[in-house]
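Participant: This structure is in structure tokens; I'll ask about it shortly.
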Amino acid sequence: MASKRTQPAWSVPGEGVNNSSNNNLQIFNSLTRSKNDFSPIAGKAVTWYNCGPTVYDSSHMGHARSYITFDILRRVLRDYFNYDVFFVQNVTDIDDKIIHRARQNYLYENYVSQLKERQSVVDDAKTALALIEHKLAEETDPDKKKMYAKMVESADAAIGDANMSTADLVAKVKDILSVWLDKVKGKEVSDNDIFITLPRYFENDYNEDMLALNILPPDCVTRVSEFVPEIVEYVKSIMDNQYAYESNGSVYFDTEKFAQTEKHFYAKLVPEAYGDNKALAEGEGDLGASGEEKRSPNDFALWKSSKPGEPFWPSPWGNGRPGWHIECSVMASALFGGQMDIHSGGIDLRFPHHDNEMAQAEAFFNTGKPWVNYFLHSGHLTISGCKMSKSLKNFITIKEALAKNTARQLRIAFLLHSWKDTLDYSDNTMSEAVQFEKTLNEFFLTVKDILRTHRQLPVEKKIVKWEDREKSLNQKFKEHVQLVDQTLRDNIDTKSACEEIRRLVSASNTYINEQKDLSNPNLLHSIAAYITRLLDTFGCVSIGDPIGFPADASSSSGGDREQQVMPFIDVISQLRQEIRKKATELKNGDLFKLCDSIRDDVLPNLGVRMEDYNAEDGQLLARVKLVDKEILLREREEKIQLEKVKQQEKEAKKKAAAAKVAEPPVAPNQFFRNEVSKYSQWDENGMPTHDQEGKELTKSALKKVAKLYEAQEKKYNAYLKQQSTMPAGDAK
């Protein structure tokens, strides 16, 4: 066994076979903990199974970390490297957590429907509170302990509030009542439909979240509840291969037997975790049987005998339900057979879940071949540096995150970090994403304005000669395209790819600012279109957007808002330019104010930003950009506030200057006597003769102080003269 506590050797799938799919792509493989050449089993066809949600509650940002990550990788493999990806994802709708939550919800709703008098509810709540206090006293896990403490504090306050209505009291103590009701009446729940209503509700909720995040739907979705007959047959085959045994109506995987077989290896992903009883227990779930049924504490359930109050299906071993790990082995095998290219999930699933999945599948096929060739695990997600936890009050659902930022901004935040490393969801992280989006959007809007202006030029002016600046920018364009390609081939490093995009935009903006109205539209269009294609590949824009972000995804009149409104805005812009020319000729300040008002007050309310700039010939021109109205109004308010601050600072400086002028200047014979940190002796006129250390001043130093003395004397005499000419009442 000791020799099997390090990861086994791994070889490139199909090595030695002519594989036309080689893209020089390397990807980080958890089976080797290093980057390996990506070589699918069947050329360009890629089989991929992703661990899906256990649907018993709302999806949170930890889920988003996994699903956005693998959506990005899937899109890159499909749309950049041109693989034919068949993506399968499961829905776990049979699970200990689901059973607990479904029973608790059902019993609580029944309790509410038969609501008793207030004192009876208070008595029940106190009994339930005692149960939670007992759990709190025995709990050792810090997060769970905080959760129980919070439940106790909240319930205790509600019970003690005599003014609270019965309905409000029941709602306030729902958490503790649900746990208590499940303990005393959970075994009475027998209808299987009760255990399917909850997961169906949260499956729909999950799908809505994925749609809101612009995550591609799986090519195939598998539900555990629809594969129970296949699971039973799968378990029977593992038993026939002598890698599992029955005990008290449950079936357990024999890890010792499997690990000792020469052609097999248990815990390929985390061999050092073999025997981690805590991790194994969490994998078995809260409703698992006692360890006495197992031959070894390392063994895990393939089939669980159902107890009263649990859903069940018939099997050769009696009524029961699938274990957690077996479901993915069966469903993936049903779609892919004995081998698949990619299996993915969150990094916390490596052991025991994914290790147990592989062991089951390889015990089922019993060929000695690996069931998975590439295991991809997304990194952890932290919230402002801390583990996400309800007890820490930093539990953030996907809906809550989308209330603060757009789906695109969340995706950009993921793109700006390595997919396999920890991502910290914080204000700083999202600020960086928002700024990156703004940088791109401003570039797209500028290029669109240049293209519109170019289309309006006469034919003879539409061809812009390529000078050294165009050649230089085009060379940088080629270099960044190559560098992006290298980053994506190196473990789909979107973080570095985004940095190359940022540098390309910066180079393009420098070119635009230098060329002003003489920018080459075709070159800029090529650059903007390339960046847009990348963003489309990453899932940041919708397919069909020619350049940049859509101006309005939900135009009520249909079609592209930009195409509809820009001709009218261009007319307004041209008319404004003519008014400015006439204002200059007439020297009419009111017309200038009107033009500024159109730019600063009227157009922002319509979602239009107008930016004045000087052309090469000195003519004042304007760029027109469609921008979200709320952004423009916020920018305008910030500008107003900034102007207020500047005005306040200006007035403060004026007051300070006036106060300084009002103060009488120091008499020249006292001017240097105040500087005791510099001088120690003075002559009868107040001129310094010795420095602080008592040394005589040098000739050059004496010459310098003499000039200062003379200047102060002039200032003082001017002040005396001013005072002598002022009326007696004004003199100070």
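Participant: If you plug each phi of segment 420-432 into the Karplus form 6.51 cos²θ - 1.76 cosθ + 1.60 with θ = phi - 60°, what whole-Hz ³J(HN,Hα) values come out, in order, with x for Gly and Pro?
Facilitator: Once rounded to whole Hz, the list reads 9, 9, 5, 10, 9, 7, 8, 4, 5, 4, 6, 4, 5.
Participant: Considering only Cα-Cα distances, which of the following residue pairs are longer than 19 Å: K387/K420; K268/K495; K135/K174? Spell out each step's value before the answer.
Facilitator: Working: K387/K420 17 Å; K268/K495 29 Å; K135/K174 17 Å.
Check vs 19 Å cut-off fails for K268/K495.
Participant: Hey, rough spin-label estimate for E635 and T140, points 7 angstrom out along Cα→Cβ, what's it come to in nanometres?
Facilitator: Using points 7 Å along Cα→Cβ, the separation is 5.9 nm.
Participant: Select from segment 569-615 those trypsin sites (Lys or Arg not before Pro) which occupy a DSSP coil region and have at most 16 other Cβ atoms within 10 Å, ordered by residue number. List each step's numbers first, then the result.
Facilitator: Working: sites: R576, R580, K581, K582, K587, K593, R599, R609; in loops: K587.
Passing both the DSSP loop test and the Cβ count: K587.
Participant: Let me ask something additional. Between A652 and D683, what FRET efficiency comes out of the Förster formula 1/(1 + (r/R0)^6) with R0 = 51 Å and r the beta carbon distance, rounded to 0.05?
Facilitator: Numbers: r = 40 Å, r/R0 = 0.79.
Given R0 = 51 Å and the Cβ-Cβ separation, E is 0.80.
Participant: Hey, if we sort R408, R295 by accessible area with the 1.4 Å probe, largest down, what's the order? Provide the component values of the computation, followed by the final result.
Facilitator: Details: R408 60, R295 165 Å².
Largest accessible area first, the residues go R295, R408.
Participant: Something else now. What percent of all Cα-Cα pairs in segment 487-534 falls into each 10 Å bin, going from 0 up to the bin containing the maximum distance?
Facilitator: Percent of pairs per bin, in order: 25, 46, 22, 7, 0.
Participant: Sticking with this structure for a sec: Between Q563 and N522, what length comes free when the chain is fully extended (0.36 nm per residue of separation minus the Cα-Cα distance, one decimal in nm)?
Facilitator: On the way: separation 41, 0.36 × 41 = 14.76 nm, distance 1.93 nm.
Using 0.36 nm per residue and subtracting the Cα-Cα distance, I get 12.8 nm.
Participant: Report Y83's accessible area, 1.4 Å probe, all protein chains in place, as a number in Å² to the nearest 10.
Facilitator: Counting only protein heavy atoms, Y83 exposes about 10 Å² to solvent.
Participant: Roughly what percent of Cα-Cα pairs across segment 414-524 reach past 23 Å?
Facilitator: Values: 2486 of 6105 pairs.
Distances greater than 23 Å cover 41 percent of the Cα pairs.
Participant: List the extent of the Cα atoms of segment 322-377 along each of their three principal axes, largest first, rounded to whole Å.
Facilitator: Between the extreme Cα coordinates on each principal axis of segment 322-377 lie 28, 25, 19 Å.
Participant: So for segment 632-697, if I pair up every lysine 8 or more residues apart or on another chain, how many of those pairs have alpha-carbons under 29 Å apart?
Facilitator: Pairs that pass both the separation and distance tests number 14.
Participant: Next question, about the same structure. State in Å² the accessible area per residue of the chain; use a 1.4 Å probe, count heavy atoms of protein chains only, and round to the nearest integer. Kindly include the intermediate steps, with their values, before the conclusion.
Facilitator: Details: 37400 Å² over 732 residues.
Per-residue accessible area for the chain comes out at 51 Å².
Participant: Let me ask another. With a cut-off of 8 Å between alpha carbons and a minimum separation of six or more residues, what is the relative contact order of the chain in percent? It would help to have the intermediate numbers written out before the result.
Facilitator: On the way: 955 pairs, mean separation 89.9, N = 732.
It rounds to 12 percent for the chain.
Participant: Efficiency by 1/(1 + (r/R0)^6): what FRET value for A149 and D485, r their Cβ-Cβ distance, R0 = 51 Å, to the nearest 0.05?
Facilitator: On the way: r = 53 Å, r/R0 = 1.05.
Taking R0 as 51 Å, the efficiency between A149 and D485 is 0.45.
Participant: Additional query: According to a simple spin-label model (label point 7 Å from Cα along Cα-to-Cβ), what is the distance in nm between N277 and T510?
Facilitator: For the pair T510/N277, the computed spacing is 6.4 nm.
Participant: Quick check for you: which residues of segment 125-148 have the amide N under 16 Å from the point 7 Å beyond the Cα of Q114 toward its beta carbon?
Facilitator: Under cut-off, by backbone N: 125.
Participant: Next question. Below 8 Å, C-alpha to C-alpha, sequence gap of six or more: please give me the relative contact order for segment 400-527 in percent.
Facilitator: On the way: 82 pairs, mean separation 40.5, N = 128.
Across segment 400-527, relative contact order equals 32 percent.
Participant: Ignoring any ligand, DNA or RNA, what whole percent of the accessible area of segment 474-522 comes from carbon and sulfur when the probe is 1.4 angstrom? Please list the in-between numbers first.
Facilitator: Numbers: 960 of 2290 Å².
Within segment 474-522, the accessible surface is 42 percent carbon and sulfur.
Participant: Where the convex hull is taken over the Cα atoms of segment 312-405, what is its projected area averaged over directions, in nm²?
Facilitator: Details: hull surface 38.0 nm².
So the Cα hull casts an average projection of 9.5 nm².
Participant: What do you get for GluC sites (Glu not before Pro) in segment 111-161 restricted to DSSP loop and a cutoff of at most 11 other Cβ within 10 Å of the site's Cβ? Walk me through the intermediate numbers first.
Facilitator: On the way: sites: E117, E133, E138, E139, E153; in loops: E117, E139.
Answer in residue order: E117.
Participant: Moving on. If the reach is capped at under 16 angstrom between alpha carbons, list the aspartates and glutamates near K629, excluding any in the same chain fewer than eight residues apart.
Facilitator: The reachable aspartates and glutamates, counting only those whose Cα sits under 16 Å from K629, are E442, D552, E562, D600, D601, E611, E637, E638.
Participant: Computed over the Cα atoms of segment 16-106, what is the ratio Rg over Rh, Rh following Kirkwood?
Facilitator: On the way: Rg = 17.5 Å, Rh = 15.7 Å.
Taking Rg over the Kirkwood Rh, I get 1.11.
Participant: Modelled label-to-label distance, D348 and N23, 7 Å Cα→beta-carbon offset: nm?
Facilitator: Each label point is offset 7 Å from its Cα along the Cβ direction, giving 3.1 nm.
Participant: Under the classification rounded if a/c is under 1.5, otherwise prolate if a/b is larger than b/c and oblate if not, where does segment 342-475 fall, given a ≥ b ≥ c as square roots of the Cα gyration tensor eigenvalues?
Facilitator: Working: a/c = 3.80, a/b = 1.86, b/c = 2.05.
Verdict is oblate for segment 342-475.
Participant: Ok, one more. So for the chain: antiparallel DSSP bridges make up what percent, rounded to the nearest 5?
Facilitator: 55
Participant: Could you pull the Rg and Dmax for the chain, using just the Cα atoms, both in Å?
Facilitator: Rg then Dmax for the chain, in Å: 36.9, 119.
Participant: Sticking with this structure for a sec: Segment 234-274 to segment 356-375: how many Å between their Cα centroids?
Facilitator: 11
Participant: Leaving ligands, DNA and RNA out of it, rank I640, I527 by accessible area with a 1.4 Å probe, largest first. Kindly include the intermediate steps, with their values, before the conclusion.
Facilitator: Values: I640 75, I527 0 Å².
Reading off the accessible areas and sorting them downward yields I640, I527.
Participant: Could you let me know the centre-to-centre spacing of segment 27-82 and segment 461-532, using Cα atoms, in angstrom?
Facilitator: About 30 Å separates the Cα centre of segment 27-82 from the one of segment 461-532.
Participant: A follow-up question, please. Work out, step by step, the length gained on full extension between E188 and D590: first 0.36 nm times the residue separation, then minus their alpha carbon distance; give nm to one decimal. Before the final figure, lay out the partial values.
Facilitator: Numbers: separation 402, 0.36 × 402 = 144.72 nm, distance 8.29 nm.
Roughly 136.4 nm would be gained on extension.
Participant: So how do E638, E479, E696 rank on accessible area, 1.4 Å probe, biggest first, that is with the largest at the start?
Facilitator: On the way: E638 110, E479 85, E696 140 Å².
Listed by decreasing accessible area, they come as E696, E638, E479.
Participant: Now a separate question. In segment 1-146, what percentage of the DSSP-assigned beta bridges are antiparallel, given to the nearest 5?
Facilitator: On the way: 5 of 12 bridges.
The antiparallel proportion sits near 40 percent.
Participant: Could you give the length gained on full extension between H380 and A615, defined as 0.36 nm per residue of separation minus the Cα-Cα distance, in nm?
Facilitator: Working: separation 235, 0.36 × 235 = 84.60 nm, distance 5.07 nm.
This chain segment gains 79.5 nm when fully extended.
Participant: Can you give the Rg to Rh ratio for segment 231-291, taking only C-alpha atoms and Rh from Kirkwood? Numbers along the way, then the final one.
Facilitator: Numbers: Rg = 12.7 Å, Rh = 13.0 Å.
Expressed as Rg/Rh, it is 0.97.
The values are calculated or read from the model by the stated rules, or taken from the named source; none is laboratory data. Fair warning: this is a prediction, and the values are worked out from it, not measured in the lab. Cβ coordinates were reconstructed from backbone atoms using ideal geometry, including for glycine residues, and neighbour counts include every protein chain displayed. Accessible surface is based on the protein model in full, side chains and every heavy atom, while ligands, DNA and RNA are left aside. Shrake-Rupley method; radii C 1.70, N 1.55, O 1.52, S 1.80 Å.
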